[in-house]
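Asker: Here it is: the structure, laid out below.
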Amino acid sequence: IEDVSEERQLEKENIISAKLIAMSPIPIIVTDIAGTIVSFSPSAEKAFGFTASEAIGADAVTLLSPTDVAFSPERYVQMDPRAGNRYLLDSAKRVLVLPKDGRTFSTELTIKPVV
């Protein structure tokens, strides 16, 4: 007999997390470690003009950064002394973004590691 209670709990938590992201009025963009978009919330669709299907799989920097003022995530990367790996800082920064309609605007960006 296999105990699947932990697996079911994880599935339940994933469903709750997905619902919270979908309901958030704040645009939420989730990327993998390489910066490829893996989730693009409905609020992000409204703010940036791209549909989730257009954004998912794209490089976040390439998709949302004006070509003359490229957002460089490396500016916000530092070493985690405990694990010896890189992570993005957990503080808010002002960045210039370029939505689909071409009108650049400044916004606050908070990068948080997903553990």
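Asker: Please work out if Ile26 is over 15 Å from the mean Cα position of the chain (by Cα) and open to solvent by 60 Å² or more (accessible area, probe 1.4 Å). Walk me through how you get there before you give the answer.
Answerer: Working: over 15 Å from the mean Cα position of the chain (by Cα): no; open to solvent by 60 Å² or more (accessible area, probe 1.4 Å): yes.
Criteria not met by Ile26.
Asker: Looking at the stretch 2-17, I want the residues that are closer than 24 Å to Ser41 by Cα and have a partner that is at pLDDT 90 or above and among the hydrophobic types (A, V, I, L, M, F, W, C) with Cβ atoms under 8 Å, at least 6 apart or on another chain. Which pairs are those?
Answerer: Close Cβ pairs (under 8 Å, with a partner that is at pLDDT 90 or above and among the hydrophobic types (A, V, I, L, M, F, W, C)) do not exist here.
Asker: A further question on this structure: Would you kindly identify the strands (runs of 3 or more DSSP E) lying entirely within the stretch 24-95 that contain at least 2 residues that are in contact with a strand residue (DSSP E or B) (Cβ under 6 Å, 6 or more places away or on another chain) and modelled with pLDDT under 55? Don't jump to the end; show me each part of the working.
Answerer: Values: elements: 29-31, 37-40, 77-80, 85-88.
By residue number, 77-80, 85-88.
The values are calculated or read from the model by the stated rules, or taken from the named source; none is laboratory data. On a predicted model such as this, the values are computed, not experimentally measured, just so you know. In this analysis, Cβ positions are derived from the backbone assuming ideal geometry, glycine residues included, and neighbour counts consider all displayed protein chains. Just so you know, the surface numbers come from the protein's heavy atoms only, side chains and all, with ligands and any DNA or RNA stripped out. Shrake-Rupley method; radii C 1.70, N 1.55, O 1.52, S 1.80 Å.
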